[in-house]
Amino acid sequence: MNTKPQMISQLANLPNMQTPDLVTLWQSIFDMPPHNKNKVFLIRKIAWRLQELAYGGLADDTHNKIRNMHDLTAKKTIKKNLPPIGTILEREHGNETHRVTVLRDGFEYRQCKYKSLTKIATDITGTKWSGPRFFGLKS
């Protein structure tokens, strides 16, 4: 890709290309075969790469910020066996309805934050319980 007008012309032509031609173009600009041969995927990634080659990529500082943001969000993932954030878990116990809200980094019960459902279940019952089992998330 030598000039910006050539790149613009090539971008405009991407949707008209057949998938095998897109794969060939991919290999020429990425120096590796694509891991996905879906036409829409190929067009989007090739368009991004052509623009990157013509105008330059992201600054190192921007790459570092993205990496740091990813690291921060990766540490705050919720366990896969729990319902989505914002879900309200309900359980009847001792003639009372107990409601717990699933948060990104734990749970809320009676306006207090908890790290585990087990602690909440133990507080409710006064005995050691599996929190996920108490709230019906495990059989």
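The values are calculated or read from the model by the stated rules, or taken from the named source; none is laboratory data. Being a predicted model, the structure only gives us computed values, none of them experimental. Ideal geometry is used to build each Cβ from the backbone, glycine not excepted, and the neighbour counts take in all protein chains shown.
Residue 96 - would you say it is closer than 30 Å to residue 133 by Cα, surrounded by 12 or more Cβ atoms within 10 Å (Cβ to Cβ) and acidic (Asp, Glu)? Criteria not met by residue 96.
Residues are listed down the side, and each one gets a yes or a no for (1) farther than 30 Å from residue 11 by Cβ; (2) in the same structural domain as residue 12 (by TED's automatic domain parsing); (3) in contact (Cβ under 8 Å) with a residue 60 or more places away in the chain:
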residue	(1), (2), (3)
45	no, yes, no
69	no, no, no
93	yes, no, no
111	yes, no, no
114	yes, no, no
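Has region 68-78 got any residue that is of a type in the set (Gly, Ala, Ser), modelled with pLDDT of 90 or more and outside any loop (DSSP other than H, G, I, E, B)? No - not one qualifying residue is present in region 68-78. Checking each residue in region 102-132 for being surrounded by 12 or more Cβ atoms within 10 Å (Cβ to Cβ) and polar (S, T, N, Q) picks out 116, 118, 122, 125, 130. The C-beta contact set for region 1-26 (first residue modelled with pLDDT of 95 or more, second residue part of a helix (DSSP H, G or I) and among the aromatic types (Phe, Trp, Tyr), distance under 6 angstrom, 6+ apart or interchain) is empty.
Here residue 44 meets each of (1) surrounded by 13 or more Cβ atoms within 10 Å (Cβ to Cβ); (2) within 30 Å of residue 3 (Cβ to Cβ) with one exception, condition (1).
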